[in-house]
Amino acid sequence: QVQLEEFGGGLAQAGGSLRLSCKASGTIFKIFSLGWYRRQRPGQQRELVAEIPTGESPTYSDSVKERFSISRDNAKNTVTLEMNNLKPEDTGVYYCNGEIKPVGSSIGVGCEYWGPGTQVTVSV
């Protein structure tokens, strides 16, 4: 089994900063990609915030470019999202996402895993 556990989030004022971290654990054979999605309103689909595939450059949504930075520690199987110059529209539930191949899987590609989500609230 593979699990994703998120850390961080909380409340910040507009213009402030927050950090989100996520650790992948369990019977991991290979991590293809780690990233963050968010749901800004209940019932809304999750949207990509940033992701960083293994061995590739990160990608960001246009709404967070120049403000957010994603990084990975491959030795620790963690991904971190540094969020700066936060805006009220960044409020939402942030989910860690991973494309991971578990040990024993016969499938060549990874399976998609999600963390439970962590709330980020930005006040004016």
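Side notes on the structure shown:
- Length added when fully stretched, LYS87-LEU11, from 0.36 nm per residue minus Cα-Cα: 26.2 nm
- Fluctuation leader among GLY15, GLY26, GLY108 - the chain, Gaussian network, Cα springs under 10 angstrom: GLY108
- GNM result for the chain, Cα springs below 10 Å: residue of THR59, THR27, THR91 fluctuating most strongly: THR27
- Remark: relative contact order (the stretch 56-100) = 27 percent; criterion is Cα-Cα distance under 8 angstrom and separation of 6 or more residues.
- Applying a 4.7 Å Cβ-Cβ cutoff to the chain leaves CYS111 as cysteine residues with no disulfide-compatible partner.
- A 1.4 Å probe run over the protein chains yields, for the chain, 54 Å² of accessible area per residue, whole-number rounding.
- Residues considered: VAL64, VAL103, VAL49. Largest GNM mean-square fluctuation over the chain, using C-alpha springs under 10 Å, is found at VAL103.
- Exceeding the 26 Å Cα-Cα cut-off - candidates LYS76/LYS101; LYS23/LYS65; LYS65/LYS101: LYS65/LYS101
- Across the accessible surface of the stretch 1-107, with the other protein chains kept in place and a 1.4 Å probe, carbon and sulfur atoms take up 47 percent.
- Residue range of the chain that is longest and free of GluC sites (Glu not before Pro) which are both DSSP loop and sparsely packed (at most 15 other C-beta within 10 Å): 67-124
- FRET efficiency, ASP62 to GLN1 (Cβ-Cβ, R0 25 Å, nearest 0.05): 0.10
- The mean sequence distance of close C-alpha pairs (under 8 Å, at least 6 residues apart), as a share of the length of the chain, puts its relative contact order at 36 percent.
The values are calculated or read from the model by the stated rules, or taken from the named source; none is laboratory data. If you're wondering where the values come from, they're calculated on a predicted model, not measured in any experiment. Reconstructed Cβ throughout: ideal geometry from the backbone, glycine too, with neighbour counts over all protein chains shown. Heavy atoms of the whole protein, side chains included, go into the accessibility calculation; ligands, DNA and RNA do not. Shrake-Rupley method; radii C 1.70, N 1.55, O 1.52, S 1.80 Å.
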